[in-house]
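Colleague: One structure, pasted below without further comment.
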Amino acid sequence: MQQETIDIIRSVFEGFAETSDNSYMFICDLNRRFSRWSKNAEAYFGLPCENMQDAEAKWEERIHPDDRRIYYDGIEKLKKGTSDFHEAEYRVLNKSNRYVVCSCKGKIIRNELGERIIFLGTIYNHSIGDTLDSVTGLLSMRRFLEILEQFRCKGEKYIVLLIGLQNFLQINNLYGLNFGNSILEKIAQLLLQYKDRGVVFRTEGTKFAIASTKLTLEEMKQIYSEIQNVLKYDLEVAEVHISLETGAGIVIADDREINVQAIYTCARYALDHSKKQEHGNPVVLQNDYLHDNRRGIKKVNVVRSCITQGFRGFYLCYQPLVSVKSGKMTGMEALLRWKGDPYGNVSPNEFIPWLEKDPIFYDLGNWILRQAMIEGKRVQKDFPKFQMHVNLAYTQLEREEFRTDLLNIIEETGFPPENLCLELTERCRLLKMEQLRDVMIFFKTHGMQIALDDFGIGFSSLNLLREFPVDCIKIDRSFVTDITEDISYQYLVQAVTECAHNLHVNVCVEGIEDERLFDFISTNFDITTLQGYYFFVPVPIEEYVKLSIYHK
């Protein structure tokens, strides 16, 4: 009976050992001190083999020295028979010589006589996320990037379709989260109809992807058209007819030098463009597809890789804000630039719209803050009330750790927080109102000022001005380009400036490009500051310091 029990347990082990990438099973014969480990544990940790004699010592060698006491204590309890259960968390060295956090759970199996015969357990690797999405059952974002990496390493040309939903938030608010999850499950079932032609994923939120080495561009467009029609006209959940608007980005990857995360960044950019400007029609990106090659995937890949290389090639230029009353500079806005081979100087308009949707932009945004404060001190010491304006990205505001990082940067640089004006762009207003209010109050509590950038182009701008502690609004250049001829723009700017001043909020107008526009704006509207090429083009800090001397 004892051998039969062992054989059954080993059969069960055989069946379960290879079912997960981030958990590793092991089974130990306590009488012979012989153990069997799953193949993925052998591969990940560089163990001698699947079958090991005295595995306890071999495993101990890979545990971080500072964590071995935790391991010892648990094993001692098993040896002494004071417990049949083992549970511990410690760091383990993998075959890449990197420590990863693992947790181990095990149980002693006894025979009918009560004798301890088997120790059975699972080690969970916390550095590796789940491979399946918990709601839809589709492959996860992690597997998406892994599979694209496999395509890239093999030198295979592949195509990615990224689909995003446009009006899902309203449906969630109307019907509830559970109903929303049911919709996502339905979409997953729809996409799985194409699994024989590509690999299907749920990447994040309400975004789904199909990646394929088989499909042509036209075939992928046809698949999207079929999915788009079903979601718009034929989707039914719990006897409720739902109409979903979608957008799609398609990226053709034919260069193995391009990082897979850059491919996904480009797909997100194309998806966003599809939603906002192409009425949901698919937007295709390929190295030689765009008529404006400056915005090619290769350039995004090169610029993105520089973020991971110590922000190589990035630098800041500064454009003054000029007081309408005095004509003197009252502050400056930090503007990001990049220069490097083989593209030379690259305008931020050519990479920020792409990269701001990439999680890596968080690091770049914090680098901009730190660099602006370091360089801004060169001006601030001579002009104590001088304001440094820095744009914040959505990827910064949505991260919980940003508040701590911001305060740490201020402390590291010694920059006075009262001289820092944080500009919230239109994309920042995608945050929930409660979250946006909390972060604004945090800024104000710590002495910083807040400006709303691109004012007038967002649907929620006036509401933000009423609800939140704003110090300044920056009227977008699109409102003033034709203002001398278009009376409707004149009425709008007049209304906005009067409303702002009644609420004790300063007004800055961007895009002042010539003397005629300067005279018209400064004469007809109650504006606090102006900004534009008419005064100064953006320049590096060395040149800015020279300019500021003449504005004391």
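The values are calculated or read from the model by the stated rules, or taken from the named source; none is laboratory data. What you see is a predicted model; the values in this text were computed from it and never measured. Neighbour counts run over all protein chains shown; Cβ positions are idealised from the backbone, glycine included.
Colleague: Identify, from the list 161, 165, the residue that is in the same structural domain as residue 273 (by TED's automatic domain parsing), out of contact with any Cys (no Cβ under 7 Å at 6 or more places or on another chain), modelled with pLDDT under 95 and of a type in the set (A, V, I, L, M).
Modeller: On the way: 161 fails: modelled with pLDDT under 95.
Unique residue meeting the criteria: 165.
Colleague: May I ask you to say which residue of 238, 248 is under 22 Å from residue 357 (Cα atoms) and of a type outside the set (D, E, K, R)? Break it down stepwise before answering.
Modeller: Working: 238 fails: under 22 Å from residue 357 (Cα atoms).
Result: 248 is the single residue among 238, 248 that is under 22 Å from residue 357 (Cα atoms) and of a type outside the set (D, E, K, R).
Colleague: Next up: Any residue at all in the range 374-389 that is touching a Ser or Thr at 6+ places or on another chain (Cβ under 6 Å), under 22 Å from residue 545 (Cα atoms) and in contact (Cβ under 8 Å) with a residue 12 or more places away in the chain?
Modeller: Filtering the range 374-389 for residues touching a Ser or Thr at 6+ places or on another chain (Cβ under 6 Å) gives 374, 379.
From what's left, under 22 Å from residue 545 (Cα atoms): 374, 379.
Next, only the ones that are in contact (Cβ under 8 Å) with a residue 12 or more places away in the chain stay: 374, 379.
Checked against the condition, which is being touching a Ser or Thr at 6+ places or on another chain (Cβ under 6 Å), under 22 Å from residue 545 (Cα atoms) and in contact (Cβ under 8 Å) with a residue 12 or more places away in the chain, the range 374-389 yields at least one hit.
Colleague: If the Cβ limit is 9 Å and pairs must be 6+ apart or interchain, which residue in the range 213-226 that is assigned by TED's automatic domain parsing to the domain that holds residue 250 and free of Cβ contacts under 8 Å to residues at least 24 places away in the same chain pairs with which residue that is exposed (fewer than 13 other Cβ atoms within 10 Å of the Cβ) and of a type outside the set (D, E, K, R)?
Modeller: That search, which allows pairs on different chains as well, returns nothing.
Colleague: On to the next question. Quick one: how many residues across the range 510-529 are assigned to a helix (DSSP H, G or I) and in contact with a helix residue (DSSP H, G or I) (Cβ under 6 Å, 6 or more places away or on another chain)?
Modeller: Counting residues in the range 510-529 that are assigned to a helix (DSSP H, G or I) and in contact with a helix residue (DSSP H, G or I) (Cβ under 6 Å, 6 or more places away or on another chain) gives 0.
Colleague: Ok, one more. Any residue in the range 257-269 that is in a helix (DSSP H, G or I), within 21 Å of residue 354 (Cβ to Cβ) and charged (D, E, K, R)?
Modeller: Looking only at the range 257-269, we keep the residues that are in a helix (DSSP H, G or I), and these are 260-269.
Still in the list and also within 21 Å of residue 354 (Cβ to Cβ): 260-269.
Subset that is charged (D, E, K, R): 268.
The answer is yes, given that some residue of the range 257-269 is in a helix (DSSP H, G or I), within 21 Å of residue 354 (Cβ to Cβ) and charged (D, E, K, R).
Colleague: Please specify each residue of the range 311-326 satisfying the condition of being closer than 17 Å to residue 345 by Cα and either of a type outside the set (A, V, I, L, M) or without any contact (Cβ under 8 Å) to a residue 40 or more places away in the chain (or both).
Modeller: Of the range 311-326, the ones closer than 17 Å to residue 345 by Cα are 311-318.
Once the filter is applied, which keeps residues that are closer than 17 Å to residue 345 by Cα and either of a type outside the set (A, V, I, L, M) or without any contact (Cβ under 8 Å) to a residue 40 or more places away in the chain (or both), the range 311-326 yields 311, 312, 313, 314, 315, 317, 318.
Colleague: Can I ask one more? What single numbered condition from (1) within 20 Å of residue 100 (Cα to Cα); (2) modelled with pLDDT of 75 or more; (3) small (Gly, Ala, Ser) fails to hold for residue 35?
Modeller: Tallying (1) within 20 Å of residue 100 (Cα to Cα); (2) modelled with pLDDT of 75 or more; (3) small (Gly, Ala, Ser), residue 35 fails exactly one: (1).
Colleague: Out of everything in the range 76-126 that is within 14 Å of residue 41 (Cα to Cα) and surrounded by fewer than 14 Cβ atoms within 10 Å (Cβ to Cβ), what residue ends up being modelled with the highest pLDDT?
Modeller: Of everything passing the filter in the range 76-126, 95 is modelled with the highest pLDDT.
Colleague: Residue check, residue 300 against (1) assigned by TED's automatic domain parsing to the domain that holds residue 154; (2) in a helix (DSSP H, G or I); (3) among the β-branched types (Val, Ile, Thr), all met but one. Which one?
Modeller: So the condition that residue 300 fails would be (1).
Colleague: Residue 507 passes all but one of (1) over 29 Å from the mean Cα position of the chain (by Cα); (2) aliphatic (A, V, I, L, M); (3) in a helix (DSSP H, G or I); which number fails?
Modeller: Exception for residue 507: condition (3).
Colleague: Please determine whether any residue of the range 326-339 is surrounded by fewer than 21 Cβ atoms within 10 Å (Cβ to Cβ), farther than 18 Å from residue 392 by Cα and out of contact with any strand residue (DSSP E or B) (no Cβ under 8 Å at 6 or more places or on another chain).
Modeller: Checked against the condition, which is being surrounded by fewer than 21 Cβ atoms within 10 Å (Cβ to Cβ), farther than 18 Å from residue 392 by Cα and out of contact with any strand residue (DSSP E or B) (no Cβ under 8 Å at 6 or more places or on another chain), the range 326-339 yields at least one hit.
Colleague: Residue under question is residue 258, and the condition is that it be without any contact (Cβ under 8 Å) to a residue 60 or more places away in the chain, within 23 Å of the chain's Cα centre (by Cα), within 28 Å of residue 303 (Cβ to Cβ) and in the same structural domain as residue 278 (by TED's automatic domain parsing); does it hold? Explain how you work it out, then say what you get.
Modeller: Working: without any contact (Cβ under 8 Å) to a residue 60 or more places away in the chain: no; within 23 Å of the chain's Cα centre (by Cα): yes; within 28 Å of residue 303 (Cβ to Cβ): yes; in the same structural domain as residue 278 (by TED's automatic domain parsing): yes.
So residue 258 fails the test.
Colleague: Does any residue in the range 505-529 that is more than 19 Å from residue 388 (Cα to Cα) come within less than 9 Å, Cβ to Cβ, of a residue that is of a type in the set (Gly, Ala, Ser) and assigned to a loop (DSSP other than H, G, I, E, B) six or more places away or on a different chain, and which pairs are these?
Modeller: If the second residue must be of a type in the set (Gly, Ala, Ser) and assigned to a loop (DSSP other than H, G, I, E, B), the pairs left are 512/532; 513/532; 514/532; 517/511; 517/532; 518/532.
Colleague: With the requirement that a residue be over 24 Å from residue 512 (Cβ atoms), outside any loop (DSSP other than H, G, I, E, B) and of a type outside the set (D, E, K, R), what does the range 319-367 give you?
Modeller: In the first step, residues of the range 319-367 are kept if they are over 24 Å from residue 512 (Cβ atoms); the result is 338-344, 346, 351, 354-367.
Right, trim to outside any loop (DSSP other than H, G, I, E, B) and you get 338-340, 344, 346, 354-355, 361-367.
Within the range 319-367, 338, 340, 344, 346, 354, 355, 361, 362, 364, 365, 366, 367 qualify.
Colleague: Return a yes/no flag: does the range 199-212 have any residue that is more than 25 Å from the chain's Cα centre (by Cα) and on the phi < 0 side of the Ramachandran plot.
Modeller: Pass one, the range 199-212, residues more than 25 Å from the chain's Cα centre (by Cα): none.
No, that holds for no residue.
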